[in-house]
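Peer 1: Here it is, the structure, as structure tokens.
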Amino acid sequence: MSHDHDHHHHHDGDHSELSETELRVRALETILTEKGYVEPAALDAIIQAYETKIGPHNGARVVAKAWTDPAFKQALLEDGSKAIGTLGHVSRVGDHLVVVENTPQRHNMVVCTLCSCYPWEMLGLPPVWYKASPYRSRAVKDPRGVLADFDVTLPKDMEIRVWDSTAETRFLVLPMRPAGTEGWSEEQLADLVTRDSIIGTGFPKTPGAPS
Amino acid sequence: MNGVHDMGGMDGFGKVEPEPNEPMFHEEWESRVLAMVRAMGAAGAFNIDTSRFYRETLPPHVYLSSSYYKKWFLGLEEMLIEKGYLTRDEVAAGHATTPGKVLKHGKFDLSNVERIMVRGKFARPATATARFNIGDRVRAKNIHPTTHTRLPRYVRGHVGVVELNHGCHVFPDSAAMELGENPQWLYTVVFEGRDLWGADGDPTLKVSIDAFEPYLDPA
């Protein structure tokens with residue numbers, strides 16, 4: 001439905017051109033409200049919470065800490081949920097987080113072929129590409145081809161491990177720490193960690209490279 | 001069900017297209033749909049597995065041609081109608097014409113927002129000992145349920161190795177059909193890429209799924 005992707009028909013304050021989908025969504029919210037199921041202000045608050053509380057900064061802090069604190073890294077790989085739960089400053093994550101480590105021998109990549117399972121609490125809402133058919137269909141069969149779409153190339157002999165999130169377990173990739181960051185603080189390192197590097201479709205930024 | 005949602009290994013969908021500086025929502029209505037799904041789920045109208053099943057049962061051409069949040073909307077509307085929370089007449093009228101049904105956890109108001117921002121727990125106490133140990137070879141069953149399942153087609157019939165045991169979890173195949181949580185042992189099972197995709201497959205590839213015990217036979 002191409003009109004779903006048309007960003008130009010919607011103008012603030014101009015409701016004369018509401019799409020069919022917008023009208024249907026509004027009607028459903030009206031019905032749910034009139035029936036006493038939901039409070040519109042509570043829906044506003046949910047959206048605000050997603051917009052402000054979750055995001056890849058949470059995952060980046062975890063990665064940077066693992067790069068600087070070997071005991072934390074070990075705990076993280078043994079029990080991701082428990083280790084992340086000890087960091088008071090990131091959002092509460094609940095259970096079932098598994099952290100998988102990239103090494104010179106192995107690259108990890110995460111997908112959900114059946115729907116769109118993704119570690120929301122650590123990375124925010126998933127990007128459109130993660131939820132779309134090209135990634136979901138190809139990641140488990142041709143991950144190197146998928147990585148090429150991200151301009152990422154792995155050494156020919158490197159093992160590539162794809163984690164299909166088919167249950168309520170959620171996976172975070174712990175990327176390798178970039179060279180040339182010796183002595184960097186956790187905060188400096190966190191700035192190098194990208195969302196895609198935690199999904200496994202990218203690498204962290206390298207020091208001095210344009211962001 | 002063997003639906004188009006089960007797309008691991010399918011060809012022809014084209015390139016992955018990352019979008020630089022992607023906004024959280026591309027249209028305002030997408031955020032309302034997300035909020036309504038979370039709110040009605042938290043109020044007890046449905047569980048996460050049932051909501052997935054309603055998206056999977058969208059007609060294949062609708063599933064493939066709808067944006068992500070459009071699928072969420074279509075699944076939500078149909079599910080709420082079928083579960084008796086609203087009627088087709090009300091959807092057509094755009095207004096409620098009958099009183100609401102009682103929600104298991106009551107109206108979703110501001111006091112409920114914080115609790116939905118914490119991820120739910122799906123682990124449950126074990127009711128039996130685990131059938132498989134780490135390192136066991138297991139075969140994914142060749143099953144084709146017409147209802148909800150989390151066993152993707154591309155592993156069915158193939159042999160893999162148990163790598164992790166996550167404990168007992170709510171069994172989506174039961175929960176989606178509102179047949180109870182029926183907790184089952186959950187394992188990460190890893191397959192060789194070439195076992196899944198044949199001799200031309202990437203020799204460096206390993207793929208894992210998280211498999212509930214009823215999906216597996218000893219191999």
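Peer 1: For chain B, modelled as a GNM with alpha-carbon contacts under 10 angstrom, which of B:Asp11, B:Asp49, B:Asp136 fluctuates the most?
Peer 2: Highest fluctuation among the options: B:Asp11.
Peer 1: Sticking with this structure for a sec: Using a ≥ b ≥ c from the Cα gyration tensor of the range B:1-139 (square roots of the eigenvalues), is it rounded, prolate or oblate, where a/c under 1.5 gives rounded and otherwise the larger of a/b and b/c decides, a/b for prolate?
Peer 2: In terms of gyration-tensor shape, oblate.
Peer 1: Another question, if that's okay. Report the relative contact order of the range A:26-184, percent, no decimals, based on alpha-carbon pairs under 8 angstrom and at least 6 residues apart.
Peer 2: Relative CO of the range A:26-184 lands at 26 percent.
Peer 1: Consider just the alpha-carbon atoms of the protein assembly as shown and return their Rg together with their Dmax, both in angstrom.
Peer 2: Looking at the protein assembly as shown, its Cα Rg and Dmax stand at 21.8, 66 Å.
Peer 1: Same structure again: Using a Cα distance threshold of under 22 Å, what count of lysine pairs results for the range B:1-146 when pairs must be 8 or more residues apart or interchain?
Peer 2: Here the count comes out as 9.
Peer 1: Projecting each Cα onto the charge dipole of the protein assembly as shown (Lys/Arg +1, Asp/Glu -1 at the beta carbon, about the Cα centre), which of B:Asn47, B:Ala175, B:Gly9 comes out farthest on the positive side?
Peer 2: B:Ala175
Peer 1: Also, I was wondering about something else. Under 5 Å between amide hydrogens, which residues at least 5 positions from B:Leu216 or on another chain qualify, with H placed 1.01 Å from N in the peptide plane?
Peer 2: Those qualifying (amide H under 5 Å, at least 5 residues apart or on another chain) are B:Lys141.
Peer 1: Using the Kyte-Doolittle scale, find the helices of chain A whose mean hydropathy is at least 1.0 and whose Cα atoms extend 20 Å or more along the helix's long axis, counting only whole DSSP H runs.
Peer 2: none
Peer 1: OK, next. Just tell me, in residue order, which DSSP H segments of chain B are both 15 angstrom or longer along the helix axis (alpha-carbon based) and at least -0.5 in mean Kyte-Doolittle hydropathy.
Peer 2: Correct list, ordered by number: B:28-42, B:68-82.
Peer 1: Continuing with the same structure: Regarding the range B:60-219, what's the average projected area of the Cα-atom convex hull, expressed in nm²?
Peer 2: 13.5 nm²
Peer 1: Shifting gears a bit: Please arrange A:Thr169, B:Thr87, B:Thr146 by counting, for each residue, the other beta carbons lying within 10 Å of its beta carbon, fewest first.
Peer 2: The order, fewest Cβ neighbours first, is B:Thr146, B:Thr87, A:Thr169.
Peer 1: What FRET efficiency comes out for the pair B:Asn21/A:Lys156, r = Cβ-Cβ distance, R0 = 25 Å, nearest 0.05?
Peer 2: Efficiency computed from Cβ-Cβ geometry: 0.15.
Peer 1: May I pose another question? Tell me, what is the percent relative contact order of chain B, built from C-alpha pairs under 8 Å that lie six or more residues apart?
Peer 2: RCO, chain B: 20 percent.
Peer 1: Another one. Taking a ≥ b ≥ c as the square roots of the eigenvalues of the Cα gyration tensor of the range A:79-157, is the shape rounded (a/c under 1.5), prolate (a/b larger than b/c) or oblate?
Peer 2: Oblate, since a/c reaches 1.5 and b/c is not below a/b.
Peer 1: Classify the range A:81-211 as rounded, prolate or oblate from the Cα gyration tensor: take a ≥ b ≥ c as the square roots of its eigenvalues, call it rounded if a/c is under 1.5, otherwise prolate when a/b beats b/c and oblate if not.
Peer 2: Here the range A:81-211 falls in the oblate category.
Peer 1: Here's something else I'd like to know. Between the range A:42-81 and the range A:150-194, what's the alpha-carbon centroid distance in Å?
Peer 2: Here the two parts' Cα centres lie 14 Å apart.
Peer 1: Taking 7 Å along the Cα-to-C-beta vector as the label spot, tell me the A:Gln48-A:Asp191 distance in nanometres, rounded to one decimal.
Peer 2: The two pseudo-label positions are separated by 3.1 nm.
None of the figures in this text is laboratory data; all of them are computed from the coordinates on show. All of these numbers come straight from a predicted model, not from anything done at the bench. Using ideal geometry, Cβ is built from the backbone for each residue, glycine included, and neighbour counts are taken over all protein chains shown.
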